1. If you take the charge dipole of the chain about its Cα centre, with +1 on Lys and Arg Cβ and -1 on Asp and Glu Cβ, which of Gln43, Gly64, Pro80 is farthest toward its positive end?
2. Using a/c under 1.5 as the rounded threshold, could you call the chain rounded, prolate or oblate? The axes a ≥ b ≥ c are square roots of the C-alpha gyration tensor eigenvalues, and prolate needs a/b larger than b/c, oblate otherwise.
3. Got a sec to turn the phi values of segment 42-48 into Karplus ³J(HN,Hα) couplings, 6.51 cos²θ - 1.76 cosθ + 1.60 with θ = phi - 60°, whole Hz, x for Gly and Pro?
4. How much mean residue ellipticity at 222 nm does the chain get from its helices, if each DSSP H run of length 4 or more adds -39500 (n - 2.57) and you divide by all residues, to the nearest 500 deg cm²/dmol?
5. Which value, in Å² rounded to 10, gives the accessible area of Trp58 with a 1.4 Å probe and all protein chains present?
6. List the cysteines of the chain that have no other Cys Cβ closer than 4.7 Å: which are they?
7. Please arrange His77, His29 by accessible surface area, largest first, computed with a 1.4 Å probe and ligands excluded.
8. Largest first, how would Asp72, Asp55 line up by accessible area (1.4 Å probe)?
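The values are calculated or read from the model by the stated rules, or taken from the named source; none is laboratory data. This one's a predicted model, so the numbers in the text were calculated from it and none came from an experiment. In this analysis, Cβ positions are derived from the backbone assuming ideal geometry, glycine residues included, and neighbour counts consider all displayed protein chains. Surface accessibility is based on the protein's heavy atoms, side chains included, excluding ligands, DNA and RNA. Shrake-Rupley method; radii C 1.70, N 1.55, O 1.52, S 1.80 Å.
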Amino acid sequence: MKGGLLAMPKDKTTDDFLLQLKNKADRWHYFWFGLSDENSEGQWVWEDGEILYQDTPWSDWREGEPNNRYGDEDCAHYSPQAWPGWNDILCSRKVAKFICQTKEY
(Lines give C-alpha, C1' and ligand atoms only; values in the text may rest on other atoms or scores of the structure.)
Protein backbone atom coordinates (compact mmCIF):
# COMPACT_ATOMS: atom_id res chain seq x y z
CA MET A 1 0.00 0.00 0.00
CA LYS A 2 1.43 3.40 -0.99
CA GLY A 3 -0.59 5.56 1.39
CA GLY A 4 -1.65 9.02 0.44
CA LEU A 5 -3.25 12.28 1.43
CA LEU A 6 -6.06 14.39 0.12
CA ALA A 7 -4.59 16.35 -2.80
CA MET A 8 -3.26 19.84 -2.07
CA PRO A 9 -3.71 22.40 -4.89
CA LYS A 10 -1.15 24.88 -3.52
CA ASP A 11 -0.55 26.60 -6.85
CA LYS A 12 -2.52 27.35 -10.01
CA THR A 13 -0.78 24.67 -12.09
CA THR A 14 -1.66 21.94 -9.59
CA ASP A 15 -5.15 23.34 -9.11
CA ASP A 16 -5.78 23.35 -12.88
CA PHE A 17 -4.53 19.75 -13.15
CA LEU A 18 -6.73 18.56 -10.26
CA LEU A 19 -9.74 20.42 -11.60
CA GLN A 20 -9.31 18.75 -15.01
CA LEU A 21 -8.97 15.37 -13.30
CA LYS A 22 -12.09 16.03 -11.21
CA ASN A 23 -14.12 17.15 -14.22
CA LYS A 24 -13.08 14.09 -16.25
CA ALA A 25 -14.20 11.86 -13.39
CA ASP A 26 -17.42 13.73 -12.61
CA ARG A 27 -17.89 17.40 -13.38
CA TRP A 28 -21.25 17.64 -11.59
CA HIS A 29 -20.07 16.41 -8.18
CA TYR A 30 -18.29 17.95 -5.19
CA PHE A 31 -14.73 16.73 -4.51
CA TRP A 32 -12.80 17.10 -1.25
CA PHE A 33 -9.19 18.17 -1.28
CA GLY A 34 -6.72 18.57 1.58
CA LEU A 35 -7.51 21.96 3.13
CA SER A 36 -9.46 22.61 6.34
CA ASP A 37 -9.84 24.93 9.32
CA GLU A 38 -11.06 22.22 11.72
CA ASN A 39 -8.47 23.03 14.41
CA SER A 40 -8.89 26.81 14.43
CA GLU A 41 -11.77 28.61 12.70
CA GLY A 42 -10.47 30.81 9.89
CA GLN A 43 -6.95 29.34 9.89
CA TRP A 44 -6.90 27.15 6.80
CA VAL A 45 -4.29 24.40 6.92
CA TRP A 46 -3.18 22.03 4.18
CA GLU A 47 -3.18 18.29 4.80
CA ASP A 48 0.62 18.40 5.28
CA GLY A 49 0.34 21.01 8.05
CA GLU A 50 1.31 24.09 6.02
CA ILE A 51 -0.89 27.14 6.68
CA LEU A 52 -2.73 28.89 3.84
CA TYR A 53 -2.32 32.52 4.87
CA GLN A 54 -4.92 35.12 3.89
CA ASP A 55 -2.26 37.14 2.09
CA THR A 56 -0.94 34.15 0.18
CA PRO A 57 -0.16 35.00 -3.43
CA TRP A 58 -2.63 32.44 -4.77
CA SER A 59 -5.85 30.60 -3.86
CA ASP A 60 -9.03 29.76 -5.74
CA TRP A 61 -11.81 30.54 -3.26
CA ARG A 62 -15.09 31.48 -4.91
CA GLU A 63 -16.09 35.08 -4.29
CA GLY A 64 -17.31 35.43 -0.70
CA GLU A 65 -15.70 32.18 0.40
CA PRO A 66 -14.77 30.78 2.80
CA ASN A 67 -17.82 32.01 4.69
CA ASN A 68 -18.68 29.32 7.27
CA ARG A 69 -22.29 29.96 6.24
CA TYR A 70 -23.92 27.15 8.18
CA GLY A 71 -21.37 27.04 11.00
CA ASP A 72 -18.70 24.35 11.20
CA GLU A 73 -17.95 24.60 7.48
CA ASP A 74 -14.40 23.44 8.05
CA CYS A 75 -13.50 21.50 4.90
CA ALA A 76 -12.69 22.81 1.43
CA HIS A 77 -13.96 21.21 -1.74
CA TYR A 78 -14.24 21.75 -5.46
CA SER A 79 -17.75 22.66 -6.46
CA PRO A 80 -19.54 21.22 -9.48
CA GLN A 81 -18.44 22.71 -12.81
CA ALA A 82 -21.37 25.15 -12.81
CA TRP A 83 -19.82 26.95 -9.77
CA PRO A 84 -16.04 26.86 -10.28
CA GLY A 85 -13.65 27.54 -7.43
CA TRP A 86 -13.19 26.42 -3.85
CA ASN A 87 -15.95 26.44 -1.25
CA ASP A 88 -16.11 25.58 2.45
CA ILE A 89 -18.66 23.07 3.61
CA LEU A 90 -19.40 20.79 6.56
CA CYS A 91 -16.79 18.02 6.76
CA SER A 92 -19.56 15.56 7.60
CA ARG A 93 -21.27 16.00 4.22
CA LYS A 94 -21.26 12.63 2.53
CA VAL A 95 -22.15 13.97 -0.91
CA ALA A 96 -18.54 14.68 -1.91
CA LYS A 97 -16.01 12.45 -3.62
CA PHE A 98 -12.31 13.07 -3.06
CA ILE A 99 -8.99 13.53 -4.85
CA CYS A 100 -5.85 12.08 -3.29
CA GLN A 101 -2.14 12.29 -3.99
CA THR A 102 0.53 9.69 -3.39
CA LYS A 103 3.53 11.71 -4.53
CA GLU A 104 5.76 12.82 -1.71
CA TYR A 105 4.82 16.29 -0.51
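1. Pro80
2. Details: a/c = 1.31, a/b = 1.11, b/c = 1.18.
Rounded, since a/c falls under 1.5.
3. Result, rounded to whole Hz: x, 9, 7, 10, 5, 3, 8.
4. Numbers: 1 runs with 15 residues, N = 105.
Calculated from helices alone, the mean residue ellipticity at 222 nm is -4500 deg cm²/dmol.
5. Solvent-accessible area, nearest 10 Å²: 60 Å².
6. Cys100
7. Largest accessible area first, the residues go His29, His77.
8. Final ranking, largest accessible area leading: Asp55, Asp72.
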